[in-house]
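The values are calculated or read from the model by the stated rules, or taken from the named source; none is laboratory data. From a predicted model like this one, the values you see are computed outputs, not experimental measurements. Cβ: placed from backbone, ideal geometry, glycine included. Neighbour counts: every protein chain shown.
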Amino acid sequence: MSLLNKNYLKLKSGYLFPEIQRRAQLFADNHSNISLLNLGIGDITEPLAPTVAKAICEATQEMQNKARGYGPSSGYNFLKEKICQNDFASLPINPDEIFISDGTKCDIAAMQELFTTNNQVAICDPVYPVYVDSNIMAGRGKKICYLPCTEKNNFLPQIPSQACSLIYLCSPNNPTGTAFSKKELQKWVEYAQAKSAIIFFDAAYEAFITDPDLPHSIYEIKGADSVAIEFRSFSKTAGFTGLRCSYYVVPKKIKVEGTVLHSLWTRRVDTKFGGVSYPIQRGAETIYSPAGRQEIKQTITSYMNRTFFFKKELQKLGYTVFGGQNAPYLWVKTSPTYSSWQFFDHLLTKGIVSTPGEGFGPSGNGFIRFSCFAPLTVLQEAVLRLKTT
Ligand SMILES: *Cc1c(COP(=O)(O)O)cnc(C)c1O
């Protein structure tokens with residue numbers, strides 16, 4: 001008889017977005033006269049940068065002329081070197097510490113495999129649901145220590161009183177849009193050093209930071225290269241959600257119980273991962289070319305300008321709005337009488353799809369997230385609909 005991994009039965013039923021999709025579809029089926037304005041899912045809406053598209057096509061044609069088989073499991077050196085020179089210039093990171101992959105979602109969900117189920121896990125609340133769910137699947141459901149991020153602490157997690165050995169940080173944060181200052185991040189690096197803990201640092205929205213004083217990488221903090229694994233994705237940075245390419249850094253300095261984590265993880269990648277396709281890595285490479293860089297920057301600026309616009313309009317309408325400065329997400333307080341799902345349903349009566357805050361964790365109740373990955377016209381229409389009660 002096959003035996004089930006019963007940890008999976010402990011997951012909350014349905015991942016957040018299918019439930020939103022279900023309710024939105026129900027509304028659409030009953031209101032064919034009202035168009036849905038999707039400010040719910042955090043997915044890009046602008047087309048792929050032409051320079052990237054061209055490089056992918058050319059790399060594919062190259063394969064038509066000359067066979068190219070399996071690539072290195074952890075990615076091609078041409079891309080690792082570009083990443084290192086550009087994203088970690090003057091930081092203590094080498095190309096062979098970089099792993100190219102097909103998405104931060106799977107990278108950060110998988111990394112916990114190297115650790116036993118006895119590790120106490122610290123996870124921000126609210127946050128990207130993948131950290132919690134992947135730890136529940138692995139059998140650490142009872143080992144999760146939630147770090148509430150609330151209005152009172154400016155949505156920044158406080159150091160836990162209990163010892164945690166795996167720490168998930170996301171900056172800028174999805175969903176609150178809040179980002180760590182160097183000083184705040186330093187506290188976590190020091191905590192990790194003191195407790196021999198490992199930090200999983202999700203910097204998927206690094207490119208959206210507009211505040212010049214904020215750190216873009218955890219390795220800007222001295223000593224972080226012996227305690228932190230940083231995850232980055234081309235998904236939001238360069239519109240790769242449908243192409244799939246990400247990378248992460250496992251510094252060789254990190255040791256767990258005397259074992260170099262980099263070696264262990266390399267062994268894992270060589271066994272379980274076949275690498276990212278050559279054309280996609282060639283496409284990612286051009287993000288670092290002058291033309292690619294400019295195209296991508298323009299798109300990000302445009303997303304952020306829309307975010308600033310929508311935030312200002314919401315504030316004019318009397319909403320209390322957080323975030324939206326270093327990430328294209330707005331974290332909006334629901335009116336006191338509404339839970340976040342109730343406020344979600346209320347917005348849906350206007351055809352506006354948001355994301356209920358509690359979908360990201362219990363402290364998200366009382367908030368909804370607006371994603372400004374949307375055309376300006378959609379955001380403008382949302383403002384008009386919000387004005388009519
Ligand atoms: C969108 C997002 C990612 C990106 O995941 P990919 O698998 O690379 O597309 C990672 N972390 C957070 C917090 C995100 O919101």
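Among all residue pairs at least 6 apart or on different chains, which show Cβ distances below 9 Å where the first residue, located in the range 236-263, is within 16 Å of Gly275 (Cα to Cα) and near the ligand (Cβ under 9 Å from one of its atoms) and the second is among the basic types (Lys, Arg) and not in a strand (DSSP E or B)? So the pair list comes out as Ser246/Lys105. Here the range 135-177 is the region considered, the condition is being modelled with pLDDT of 95 or more, among the small types (Gly, Ala, Ser) and surrounded by fewer than 21 Cβ atoms within 10 Å (Cβ to Cβ), and the residue that is nearest to the ligand (Cβ to nearest atom) is Ala138. Condition first: away from the ligand (no atom under 15 Å from the Cβ), within 22 Å of Pro328 (Cα to Cα) and in a helix (DSSP H, G or I). Can you find one or more residues in the range 34-55 that meet it? Checked the range 34-55: no residue is away from the ligand (no atom under 15 Å from the Cβ), within 22 Å of Pro328 (Cα to Cα) and in a helix (DSSP H, G or I). Scanning the range 225-235 for residues that are within 16 Å of the ligand (Cβ to nearest atom), among the small types (Gly, Ala, Ser) and in a helix (DSSP H, G or I) turns up just one, Ser235.
Can you work out which of the residues in the range 264-280 that are in a loop (DSSP other than H, G, I, E, B) and within 16 Å of the ligand (Cβ to nearest atom) is surrounded by the most Cβ atoms within 10 Å (Cβ to Cβ)? I'd like the intermediate steps shown before the answer.
Of all residues in the range 264-280, those in a loop (DSSP other than H, G, I, E, B) come to 273-277.
Keeping just the survivors that are within 16 Å of the ligand (Cβ to nearest atom) gives 273, 275-277.
Details: Phe273: 18, Gly275: 20, Val276: 26, Ser277: 19.
Among those that are in a loop (DSSP other than H, G, I, E, B) and within 16 Å of the ligand (Cβ to nearest atom), it is Val276.
No other residue among Phe360, Phe344 is surrounded by 16 or more Cβ atoms within 10 Å (Cβ to Cβ) and within 17 Å of Thr150 (Cβ to Cβ) apart from Phe360. Going through (1) within 16 Å of the ligand (Cβ to nearest atom); (2) over 30 Å from Arg369 (Cβ atoms) one by one, Leu16 falls short only on (2).
In the range 216-235, the qualifying residues are those that are out of contact with any Asp or Glu (no Cβ under 9 Å at 6 or more places or on another chain) and either farther than 27 Å from Gly258 by Cβ or charged (D, E, K, R) (or both), and the one that is surrounded by the fewest Cβ atoms within 10 Å (Cβ to Cβ) is Lys222.
Of all the criteria given as (1) away from the ligand (no atom under 12 Å from the Cβ); (2) acidic (Asp, Glu); (3) surrounded by 22 or more Cβ atoms within 10 Å (Cβ to Cβ), the one not satisfied by Glu206 is (1).
Conditions tested, residue by residue: (1) within 13 Å of the ligand (Cβ to nearest atom); (2) under 20 Å from Lys272 (Cβ atoms); (3) assigned to a loop (DSSP other than H, G, I, E, B).
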site: Ile100; (1), (2), (3): yes, yes, no
site: Ala110; (1), (2), (3): yes, yes, no
site: Asn119; (1), (2), (3): no, no, yes
site: Val132; (1), (2), (3): yes, no, no
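Counting the residues of the range 301-319 that are closer than 14 Å to Leu386 by Cβ and either buried (at least 19 other Cβ atoms within 10 Å of the Cβ) or free of Cβ contacts under 8 Å to residues at least 40 places away in the same chain (or both) gives 8.
May I ask you to say which residue of Leu48, Leu91 is of a type outside the set (Asp, Glu), within 21 Å of the chain's Cα centre (by Cα) and surrounded by 15 or more Cβ atoms within 10 Å (Cβ to Cβ)?
Exactly one of Leu48, Leu91 is of a type outside the set (Asp, Glu), within 21 Å of the chain's Cα centre (by Cα) and surrounded by 15 or more Cβ atoms within 10 Å (Cβ to Cβ), namely Leu48.
Only residues that are more than 16 Å from Lys255 (Cα to Cα), among the small types (Gly, Ala, Ser) and in a loop (DSSP other than H, G, I, E, B) were counted across the range 196-224, and they come to 3.
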